[in-house]
Structure formats: C-alpha cells, structure tokens
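Undergrad: What follows is a single structure, and I will ask about it in a moment.
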Amino acid sequence: MPGDDGRLRCPWGTSPGNPDYVTYHDEEWGRPVRGETALFERFTLEAFQSGLSWLTILRKREGFRRAFAGFDADAVAAFGEPDAARLMADPGIVRNRAKIAAAITNARAVVTLREAVEGGLDALVWSFAPDGRTRPAPRTLGDVPASTPGSKALAKALKGHGFVFVGPTTAYAAMQACGLVNDHLADCFARNA
C-alpha cells in the first residue's frame with residue numbers, strides 16, 4: 001500500500017495517523033539486530049505484545065526501557081519481588097504479572113546462556129537464521145506464516161536454556177523483527193533497503 005509519501009509499504013506499516021508504525025516499519029522491522037541487549041529487548045517486547053496491539057508496545061517502549069534497566073540482562077536478572085511489585089504499579093509498561101515474571105526469568109536465562117553457548121544469546125538466536133536459501137517474497141500478508149520449522153526449533157532451544165513465554169509464534173515474530181527472515185512484502189520498498 002502506498003503511504004502518505006507515495007512509497008509502497010507492507011499494509012501494517014502505512015497506518016494513517018500512526019507514525020510510530022511507519023517509523024518502525026521503515027527503520028527497524030526486518031533489519032538485522034545483533035547483540036545481547038538488543039535481542040533481549042526484542043524478545044521481551046514480543047512476549048509482552050502477545051494478545052495486544054504492537055502499537056501499544058511501541059508507544060510504551062521507552063517506559064519498558066526505563067522499567068527494565070535498559071534491558072541489561074544482569075540488572076534484570078537481579079530483580080526480586082520488590083521489583084516485580086514496582087513493575088506491576090508502573091503505568092509506563094504493560095502490567096501483566098506473568099509477562100513481568102517471564103522477563104525476569106528470561107534475563108536470568110540470558111546470563112546463564114553466556115556460559116553454555118559461546119557468543120551467548122546473539123550466537124544462539126542467529127544460528128537459526130535460514131541458511132541463504134530464501135523462500136519467495138510474500139505477495140500478501142496471507143503469504144506470511146505465523147510460525148515456521150525454524151521458529152519452532154528456536155523456541156525449543158530457548159526453552160531448553162530456561163526461557164519462558166517464547167513459543168513458535170513469538171519466536172517467529174522476533175525472527176522477523178530482528179532480520180533473521182525478510183517478510184517485507186515483495187512490492188514493499190523496505191524489502192531491499
């Protein structure tokens with residue numbers, strides 16, 4: 001769909017009146033994300049998004065960063081019950097007890113993953129990037145899967161290292177967001193940007 005600037009974008013990235021979607025689509029989604037902190041942030045936000053609009057998460061992103069110590073895994077891993085209570089009272093984030101607990105659990109998993117896997121979270125996640133054989137570019141949103149064998153394997157590997165709240169659909173959404181796969185539609189300008 002053409003945006004206000006005439007560029008063809010994935011339909012979700014052209015939401016009139018929602019410049020947050022346009023900016024996220026144009027500048028972040030599908031671009032390679034590397035590094036423990038950046039990946040921990042994306043997986044945490046994808047988990048919080050489950051059942052909600054991504055726009056809700058985008059609008060609270062800075063609140064999440066403040067609340068979760070800039071997604072520093074060591075800091076979040078040290079959170080205790082007082083921190084969980086503080087987070088439940090924080091209107092700057094989505095206040096869901098299970099998702100908050102998952103973020104803390106996953107931070108602890110990130111920390112222990114450093115010793116279990118050379119290169120830690122970054123190496124583990126990127127080991128599930130497709131091997132260069134690409135499927136055809138999706139023509140419509142209906143051509144984009146909710147999960148793939150790769151996302152199922154990634155979710156299983158993460159769970160095997162102690163992660164929670166990361167099923168195949170959440171794992172695939174993170175793979176899309178972090179640029180492991182390119183699901184910009186065939187006619188979208190950002191597909192080859």
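The values are calculated or read from the model by the stated rules, or taken from the named source; none is laboratory data. The structure presented is a predicted model; accordingly, all values stated were derived computationally and were not measured. In this analysis, Cβ positions are derived from the backbone assuming ideal geometry, glycine residues included, and neighbour counts consider all displayed protein chains. The area values use the complete protein model at the heavy-atom level, side chains included, leaving out ligands, DNA and RNA. Shrake-Rupley method; radii C 1.70, N 1.55, O 1.52, S 1.80 Å.
Undergrad: Can you give me the pair-distance distribution of the range 1-141, C-alpha pairs, 10 Å bins, whole percents?
TA: 10, 35, 32, 19, 4
Undergrad: Using the crude model of +1 on Lys and Arg Cβ and -1 on Asp and Glu Cβ, and no other charge, please compute the dipole size for the range 25-130 relative to its Cα centre, in debye to 20.
TA: My answer is approximately 420 debye.
Undergrad: On to the next question. Rounded to whole Hz and in sequence order, give me ³J(HN,Hα) for the range 184-193 from the Karplus expression 6.51 cos²θ - 1.76 cosθ + 1.60, θ = phi - 60°, writing x for Gly and Pro.
TA: 3J(HN,Hα) across the range 184-193, in whole Hz: 5, 5, 3, 8, 6, 4, 6, 4, 10, 7.
Undergrad: Here's a follow-up. At 1.4 Å probe size, with every protein chain present, just tell me what the per residue accessible area of the range 17-76 comes to in Å².
TA: Per-residue value: 42 Å².
Undergrad: Among V166, I104, P130, which residue has its Cα furthest toward the positive end of the charge dipole of the range 34-193, with +1 on Lys/Arg Cβ and -1 on Asp/Glu Cβ?
TA: Toward the positive end, the furthest listed residue is V166.
Undergrad: Calculate the dipole size of the chain relative to its Cα centre from +1 charges on Lys and Arg beta carbons and -1 charges on Asp and Glu beta carbons; express the result in debye to the nearest 20.
TA: In debye, rounded to 20, the chain gives about 440.
Undergrad: Compute the long axis of helix 168-177 from its Cα atoms, compare it with the longest principal axis of the Cα atoms of the chain, and write down the angle in degrees, 0 to 90, nearest 10.
TA: Value to nearest ten degrees: 60.
Undergrad: Take the Cα atoms of the range 59-135, find their three principal axes, and give me the spread along each one in whole Å, biggest first.
TA: Ordered largest first, the range 59-135 gives principal extents of 46, 31, 20 Å.
Undergrad: So what's the angle, to the nearest 10 degrees on a 0 to 90 scale, between helix 149-160 and the longest Cα principal axis of the chain?
TA: So the inclination is approximately 10 degrees.
Undergrad: Using 0.36 nm per residue of separation minus the Cα-Cα distance, give me the extension gain between R135 and A193 in nm, one decimal.
TA: Taking R135 through A193 to full extension adds about 19.1 nm, to one decimal.
Undergrad: Rounded to the nearest percent, how much of the accessible area of the chain (1.4 Å probe, protein heavy atoms only) is carbon and sulfur?
TA: Answer for the chain: carbon and sulfur cover 54 percent of the accessible area.
Undergrad: If you line up the long axis of helix 36-49 against the longest principal axis of the chain, both from Cα atoms, how many degrees apart are they, to the nearest 10?
TA: 80
Undergrad: Sorted by packing (mean other beta-carbon atoms within 10 Å per residue), highest first, where do 95-103, 28-36, 74-82 land?
TA: In decreasing order of mean packing, 95-103, 28-36, 74-82 become 95-103, 28-36, 74-82.
Undergrad: Could you give the alpha-carbon Rg of the range 124-192 over 2.2 N^0.38 Å, rounded to two decimals?
TA: Dividing the Cα Rg of the range 124-192 by 2.2 N^0.38 Å gives 1.13.
Undergrad: Can you give me the C-alpha center-to-center distance between the range 83-103 and the range 1-36, rounded to a whole angstrom?
TA: Result: 28 Å between the Cα centres.
Undergrad: Please compute the Kirkwood hydrodynamic radius of the range 4-63 from all pairs of different C-alpha atoms, in Å with one decimal.
TA: About 12.6 Å for the range 4-63.
Undergrad: Pull up the cross-link candidates among the lysines for K99, meaning alpha carbon to alpha carbon under 17 Å and not fewer than 8 places away within one chain.
TA: Qualifying lysines at Cα under 17 Å: K60, K159.
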